[in-house]
Amino acid sequence: MIAADLIISHARQIISCGGGAPRRGPRQAAVEVLRDGAIAACDGQIVYVGSSIDSQRAIAPLPGARLVDARDLSIVPGFVDPHTHAAFAGDRREELRKRLAGASYAEIAAAGGGIVSTVARTRAATEADLIAETRGRLDEMLACGTTTCEIKSGYGLSVESELKILRAIACLSREHPLDIVPTFLGAHEVPLEFRDRRDDYVELIVRDMIPSVAEAGLAEWCDVFCETGVFTANESVRILEAGQAAGLRARIHADELAPSGGSQVAAQVGARSADHLIFAPPDGIAAMASAGVTATLLPVAAFYLKLGRFAPARDFIAAGVPVALATDVNPGGGFSPSMPFAMTLACFGMNLTFEEALVAATINAAWSIDRSERVGSLEPGKQMDAVLVKGDAINLIRVGAPAIAGVIKRGTCVAGSLEPLRRV
């Protein structure tokens with residue numbers, strides 16, 4: 001028999017999202033729903049997923065094991081948020097008021113707002129300040145069911161400040177329940193002091209920032225904001241290839257505000273993920289499909305930036321590109337920490353089915369940050385990261401309803417509760 005220290009049985013639904021990653025095309029919607037199911041874990045690792053009846057013969061509860069009757073609950077994998085800017089200092093909600101009054105993203109940036117305003121506050125913050133502010137955001141994400149996330153730097157835009165942000169992320173990765181994947185984003189914007197010599201800033205990134213980050217071992221990924229007025233396609237290729245040469249894998253902000261060439265760059269450099277993609281052209285989508293690039297879509301950002309459109313998710317699925325979802329938590333347009341809200345917008349703004357959105361928020365999101373062997377689905381051998389949902393799993397997209405009953409990370413309840421519960 002299988003030893004277990006956590007046994008959840010009689011679940012209304014278990015949607016494991018298992019069966020390999022990434023899921024493309026029709027497979028993105030092909031999930032199985034197990035009714036009256038059970039899931040068991042030992043030392044934070046899943047050891048059984050199957051019927052409750054069979055679990056009684058297959059599982060041996062260890063002394064002190066927690067037993068949970070989940071007959072009114074559904075269980076899905078813990079959400080994976082593969083694109084966030086959660087590490088920053090300061091507050092830009094005044095910009096939200098301006099946007100609601102009609103100001104555009106570009107107008108706000110031209111007036112001294114946007115990324116550069118957060119850069120000034122983040123540069124002035126201490127490492128301890130950044131850790132404290134970011135921890136609160138991670139707590140919010142955890143309460144919304146996120147158990148693994150990516151966090152980018154990018155609000156320092158100098159060697160010293162970028163390293164400070166990445167050190168803060170590393171500290172939180174050790175201390176916070178969430179698993180955190182670090183990304184270097186020195187190419188987030190051209191800082192004010194380099195606006196009349198942008199080539200020098202690209203040189204700084206390539207020759208100083210990337211080697212310093214790689215030597216310190218503070219990031220796994222290198223990202224670039226490839227957009228008109230930010231970094232060109234050619235600059236993006238140079239930066240990402242320099243990152244790859246230093247051992248940092250490539251991902252890219254692409255085609256968010258207009259067709260920027262970012263989707264083609266992603267294919268050219270073999271990026272694991274291209275993100276945003278609101279204006280991705282057909283040839284960019286085709287290139288991503290051929291190169292095996294994930295489309296990480298951020299409908300929350302499109303919603304709060306009032307862009308008037310969402311990424312063409314159905315075109316990506318039709319082309320065989322795996323689709324992932326993320327919140328884009330950030331101070332200027334990622335105002336929601338909720339992956340269920342991202343799923344809701346994906347369903348009603350990008351015409352995904354609930355099943356496609358769930359896969360995008362779990363196993364495909366895990367694939368996009370190279371964590372699918374560990375998280376993103378409920379399968380034996382993976383971490384016991386799960387979200388318990390009141391009623392059917394589709395209740396996750398009832399915005400404002402308290403749908404999440406509990407969040408489990410490595411077999412421990414870290415948000416909500418696991419009642420009714422007893423020990424043996």
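The values are calculated or read from the model by the stated rules, or taken from the named source; none is laboratory data. Not measured: the values here are computed from a predicted model. Here the Cβ is made from the backbone with ideal geometry for all residues, glycine too, and neighbour counts use every protein chain on show. Keep in mind that these areas ignore ligands, DNA and RNA; they rest on the heavy atoms of the full protein, side chains included. Shrake-Rupley method; radii C 1.70, N 1.55, O 1.52, S 1.80 Å.
Of note:
- From the options Gly114, Gly90, residue that is within 27 Å of Ile169 (Cα to Cα), modelled with pLDDT under 95 and either open to solvent by less than 10 Å² (accessible area, probe 1.4 Å) or touching a Cys at 6+ places or on another chain (Cβ under 6 Å) (or both): Gly114
- Of all the listed residues (Ile363, Ile394), the sole one being open to solvent by 10 Å² or more (accessible area, probe 1.4 Å) and among the aliphatic types (A, V, I, L, M) is Ile394.
- Answer from Glu215, Glu220 - the residue that is surrounded by fewer than 24 Cβ atoms within 10 Å (Cβ to Cβ) and under 20 Å from the mean Cα position of the chain (by Cα): Glu220
- Criterion (touching a helix residue (DSSP H, G or I) at 6+ places or on another chain (Cβ under 6 Å), open to solvent by 10 Å² or more (accessible area, probe 1.4 Å) and either under 30 Å from Gly381 (Cβ atoms) or assigned to a helix (DSSP H, G or I) (or both)) met by exactly one of Ile151, Ile108: Ile108
- Matching residues, segment 265-279, being assigned to a loop (DSSP other than H, G, I, E, B) and surrounded by 19 or more Cβ atoms within 10 Å (Cβ to Cβ): Ala271, Arg272, Leu277, Ile278, Phe279
- Residues that are open to solvent by 20 Å² or more (accessible area, probe 1.4 Å), touching a Lys or Arg at 6+ places or on another chain (Cβ under 9 Å) and among the small types (Gly, Ala, Ser) within segment 1-42 comprise Ser9, Gly19, Gly20, Ala29, Ala30, listed in sequence order.
- Looking only at residues in segment 28-49 that are touching a helix residue (DSSP H, G or I) at 6+ places or on another chain (Cβ under 6 Å) and either part of a loop (DSSP other than H, G, I, E, B) or at pLDDT below 95 (or both), the one that is nearest to Val321 (Cα to Cα) is Val31.
- Condition met for Gly376 (at positive phi and either of a type in the set (Ser, Thr, Tyr) or at pLDDT 95 or above (or both)): yes
Yes/no per residue for (1) over 15 Å from the mean Cα position of the chain (by Cα); (2) crowded, with 24+ Cβ neighbours inside 10 Å; (3) free of Cβ contacts under 8 Å to residues at least 24 places away in the same chain:
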{"position": "Leu298", "(1), (2), (3)": "no, yes, no"}
{"position": "Ile317", "(1), (2), (3)": "yes, yes, no"}
{"position": "Pro322", "(1), (2), (3)": "no, yes, no"}
{"position": "Phe341", "(1), (2), (3)": "no, no, no"}
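- No other residue among Thr183, Thr228 is outside any helix (DSSP H, G or I), open to solvent by 10 Å² or more (accessible area, probe 1.4 Å), hydroxyl-bearing (Ser, Thr, Tyr) and touching a residue at least 12 places away in the same chain (Cβ under 8 Å) apart from Thr228.
- In segment 242-264, the residues that are within 29 Å of Asp315 (Cα to Cα), part of a loop (DSSP other than H, G, I, E, B) and open to solvent by less than 10 Å² (accessible area, probe 1.4 Å): Asp255
- Any chance Gly145 is touching a Phe, Trp or Tyr at 6+ places or on another chain (Cβ under 6 Å), surrounded by 24 or more Cβ atoms within 10 Å (Cβ to Cβ) and modelled with pLDDT of 95 or more: yes
- Every condition in (1) open to solvent by 40 Å² or more (accessible area, probe 1.4 Å); (2) without any contact (Cβ under 8 Å) to a residue 40 or more places away in the chain is met by Gln45 except one, and the failing one is (2).
- Failed item, numbered, when Arg195 is tested on (1) open to solvent by less than 10 Å² (accessible area, probe 1.4 Å); (2) without any contact (Cβ under 8 Å) to a residue 12 or more places away in the chain: (1)
- Within the set Arg123, Arg135, the sole residue that is open to solvent by 10 Å² or more (accessible area, probe 1.4 Å), over 17 Å from the mean Cα position of the chain (by Cα) and over 22 Å from Ser372 (Cα atoms) turns out to be Arg123.
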